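Structure first, commentary second.
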Amino acid sequence: MTVRLARGTSAPALVRYLRSAVEEETSRRDVLAVLTERFALPFDDARLAMDRVAGGVVRAASGNPANEPDPDKDPLAWISYRLELGLPVDDDAVGPSPDERASAEALLARARRGKAPTGTEEVAVALEVARLAVASREPDRVRFHLLIEAATALSVAAEACIARLGQRPCAPEGSQEWVDGVALAVAARRITAEFAAQPDPQLEQQGLGLVGRIVTRLLGQSHALVGRVMLESARCMRRNGDPGRAAAHVEAVVADFQVVLDWFEGDAPFDEHVIALEYLLAAVELIVEVRGSSPELDAVGNRTRQALARASTE
């Protein structure tokens, strides 16, 4: 099994994480969260990665050298096999190049001088700008300009990824645009968290708008990822004193996520489908809190609770 991973990560790092997660008895849900965010794997690939790493451990335990996995056809199992036997494994993680770092520093230098943000279409540069801006400990006024430049860089890079999709509604899972979309969304959330500490409450909402644009256009086939950002945005709107807009914002979740209920009519949902249904229920509950209940909302809420109950008993 070969997978495309987020920039700055590597297959050995992925395998080491999964091995440590087993040792620490990390919950499956938490493991999947790391695999799908830090390493940018789609959920199907995340499940397969967990299986292949476990397979490498089993093969190593056999004590038969003939059971060594093929490093080209099954690199995750091969790395796991070698680590289980205490054999060396080279880490091939690649961060931003010197030129990309220099470009990021140049954008931040402009921001420090009060220049208007320009951004960049290069994802690696945008991610480095965001990393440096969040890590900055410069005076508040300067740091604010750095965060604005970072948000702009992430936005411009995301739009370049979206443009490369052409007529496709979102990025194919596991493609470079998918992997970059995950990384851009994670970085945009970090910038948004910094905006949340600013005096202007609209900054957080604008930051979540950026996250939403990235997720819905690049990762839109994932109900779990879309549901998260939709509820984050709605809750922010409500905190900012606009409950009506918050309720209207999640109407799309109620409308679009009922297909997940149909998929698991009578069956137990799992993994990302459980997450999606939790967001569906949260959307229903938010609308009820703002507008009051209705027979339609009650029916959706009850079906969702029943599906989640089936998941909890499996």
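The values are calculated or read from the model by the stated rules, or taken from the named source; none is laboratory data. Values in this document were obtained by computation on a predicted structure and should not be read as measured data. Don't worry about glycine lacking a Cβ; one is built from the backbone with ideal geometry, like all the others, and counts go over all protein chains shown.
Data for the structure
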item	result
Scope the stretch 206-219; condition surrounded by fewer than 20 Cβ atoms within 10 Å (Cβ to Cβ) and either closer than 22 Å to Glu194 by Cβ or not assigned by TED's automatic domain parsing to the domain that holds Ile162 (or both); matching residues	Gln206, Gly209, Gly212, Arg213
Wholly within the stretch 247-314, helices (runs of 4 or more DSSP H) carrying at least 2 residues that are charged (D, E, K, R)	251-256, 272-291, 295-312
Per-region count, the stretch 161-203, residues over 17 Å from the mean Cα position of the chain (by Cα), surrounded by 17 or more Cβ atoms within 10 Å (Cβ to Cβ) and touching a residue at least 24 places away in the same chain (Cβ under 8 Å)	2
Qualifying residue in the stretch 201-214 (condition: modelled with pLDDT of 95 or more, closer than 20 Å to Gly8 by Cβ and of a type in the set (Asp, Glu))	no
Near pairs, Cβ below 8 angstrom, 6+ apart or cross-chain, from the stretch 244-260 (touching a residue at least 24 places away in the same chain (Cβ under 8 Å)) to any residue that is assigned to a loop (DSSP other than H, G, I, E, B)	Val260/Pro269
Single residue of Val15, Val57, Val31 found to be touching a helix residue (DSSP H, G or I) at 6+ places or on another chain (Cβ under 9 Å), part of a helix (DSSP H, G or I) and more than 29 Å from Ile214 (Cβ to Cβ)	Val57
Test: residue in the stretch 179-191 that is out of contact with any Leu (no Cβ under 8 Å at 6 or more places or on another chain), over 20 Å from Val34 (Cβ atoms) and at pLDDT 95 or above	no
Residue among Val15, Val57, Val34 that alone is of a type in the set (A, V, I, L, M), at pLDDT 95 or above and more than 26 Å from Asp180 (Cβ to Cβ)	Val57
Residue under evaluation Thr118, criteria (1) surrounded by fewer than 19 Cβ atoms within 10 Å (Cβ to Cβ); (2) farther than 22 Å from Ala188 by Cβ; (3) hydroxyl-bearing (Ser, Thr, Tyr), criterion not met	(2)
